[in-house]
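A quick write-up on the structure given underneath.
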Amino acid sequence: MKRKKKKKVKDTKFLEGRIHEGNFLGAVIDNANNQIRVYSNDMLQKRIQRDSYRIGKSFDKLCNDELSQMGELFSKATYLISNGFFRANQKEDEMKVTCSKLLMNASSTIQASVELLRTGYTLQPCMLLRSVIETISTIAYFLMESDAHQVYLDDKLDVNKTIKYGKQLIPNLGYLQGVLSNHFVHISSLHSDLHGITKHTEITQPLKINLNMIKVCIWCLFVTSEVTFYDYFDDHIYWTKISDYEYKFEQSDEEKKWMREFIKEEE
């Protein structure tokens with residue numbers, strides 16, 4: 001009679017995330033729901049080091065096309081900002097150097113909002129995006145008022161008063177600021193809803209809203225970068241220079257069609 005071969009135990013992360021004596025925090029016996037809920041004292045580490053990776057991979061799979069579209073426009077904006085920074089330094093244009101730094105930080109903020117959404121957060125990304133609108137409005141203020149940059153350098157800027165310049169620069173920027181402020185930054189009914197942090201399995205409404213908000217903010221970043229560094233580049237999509245201090249925003253029918261497709265706007 002032949003001996004049965006022992007099955008090889010495959011390498012596994014079976015113990016990963018388990019509660020043990022070293023990380024046990026407490027337990028709650030829930031008789032009503034016939035549950036025992038056990039808590040560890042390393043939940044934050046697990047969320048960051050274990051769960052975020054898994055959730056992020058599910059986002060990459062589900063939203064690959066969306067991410068590619070956003071990435072292309074994001075890269076174009078980054079190109080304008082980076083080259084604008086170096087040219088402004090060469091020309092010793094202090095105001096535009098400041099603009100380029102502000103825009104670089106705004107692009108990092110957008111990137112952070114994508115990463116938050118990617119790892120399962122649906123309420124927090126738009127909180128970050130609100131600061132992007134402030135940045136754009138501040139730059140619009142610089143472009144429209146001759147003493148604005150000095151006011152900023154003197155640390156006397158009232159950012160709440162700059163939105164009127166942002167609205168003159170980009171149509172509907174005020175509406176976008178209102179949505180981000182009233183529904184996400186300031187406490188609203190959204191803040192009392194449960195926002196589960198789980199793997200991305202389908203394009204839910206919260207996910208779609210966040211994706212569109214991020215896309216619109218990337219577009220605003222590009223539009224602002226183009227006018228800020230207008231004189232540094234020969235090709236322009238949205239702006240026409242009228243005088244030394246005056247530019248006209250124009251969006252062609254082709255660009256409007258692209259925008260509808262970009263944010264998947266339903267006609």
For the stretch 70-125, build the convex hull from the C-alpha positions and give me its volume per residue in Å³.
62
Report which label in (1) 1.32; (2) 1.43; (3) 1.03 holds the value of Cα Rg over 2.2 N^0.38 Å derived from the coordinates of this structure.
(1)
Grab the beta carbon distance between N212 and I19, set R0 = 51 Å, and tell me the FRET efficiency rounded to 0.05.
0.80
Exceeding the 31 Å Cα-Cα cut-off - candidates K91/K264; K164/K199; K96/K215; K96/K208; K215/K248:
K91/K264; K164/K199; K96/K208
Could you tell me what percent of the accessible area of the stretch 129-204 is made up of carbon and sulfur, with a 1.4 Å probe and every protein chain present?
48
In degrees from 0 to 90, rounded to the nearest 10, what is the angle of the helix 52-62 Cα long axis to the longest principal axis of the chain?
70
Can you list residues whose amide H is under 5 Å from Y247's amide H, if they're 5+ apart or on another chain and H is modeled 1.01 Å from N?
I242
Average silhouette area of the stretch 45-86, convex hull of alpha-carbon atoms, in square nanometres
4.2
Restricting to Cα pairs under 8 Å and 6 or more apart, the percent relative contact order of the stretch 148-267 works out to 16
Could you tell me how many degrees, from 0 to 90 and to the nearest 10, lie between the Cα long axis of helix 64-90 and the main elongation axis, the longest principal axis, of the Cα atoms of the chain?
40
If I model a spin label at S181 and N160 as a point 7 Å from the Cα along the Cα→Cβ vector, what separation in nanometres do I get?
0.9
Pairs of Cα atoms under 8 Å, at least six residues apart: use those to get the relative contact order of the stretch 54-151, whole percent.
25
How big is D for the stretch 154-267, in µm² s⁻¹ as a whole number, if Stokes-Einstein is applied with the Kirkwood radius of its Cα pairs at 37 °C and 0.692 mPa s?
194
Can you give the Rg and Dmax of the stretch 135-205 based on its C-alpha atoms, in angstrom?
17.1, 51
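Gain in length, L73 to M43, computed as 0.36 nm per residue apart minus the alpha-carbon separation, to one decimal in nm?
Numbers: separation 30, 0.36 × 30 = 10.80 nm, distance 3.65 nm.
Length difference between fully extended and current span is 7.2 nm.
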Per residue, accessible area of the stretch 15-157 with a 1.4 Å probe, heavy atoms of protein chains only, in Å², comes to 58
Inter-label distance, nm, simple model (7 Å from Cα along the C-beta direction), E254/L123
4.4
Can you give me the angle between helix 125-144 and the longest principal axis of the chain, using Cα atoms only, in degrees from 0 to 90, rounded to the nearest 10?
10
Hey, rough spin-label estimate for W239 and R54, points 7 angstrom out along Cα→Cβ, what's it come to in nanometres?
4.7
Relative contact order for the chain: what is it in percent, counting Cα pairs under 8 Å that are at least 6 residues apart?
20
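The values are calculated or read from the model by the stated rules, or taken from the named source; none is laboratory data. All values derive from a computational prediction rather than experimental measurement. Backbone-built Cβ (ideal geometry, glycine too); neighbour counts: all protein chains shown. Keep in mind that these areas ignore ligands, DNA and RNA; they rest on the heavy atoms of the full protein, side chains included. Shrake-Rupley method; radii C 1.70, N 1.55, O 1.52, S 1.80 Å.
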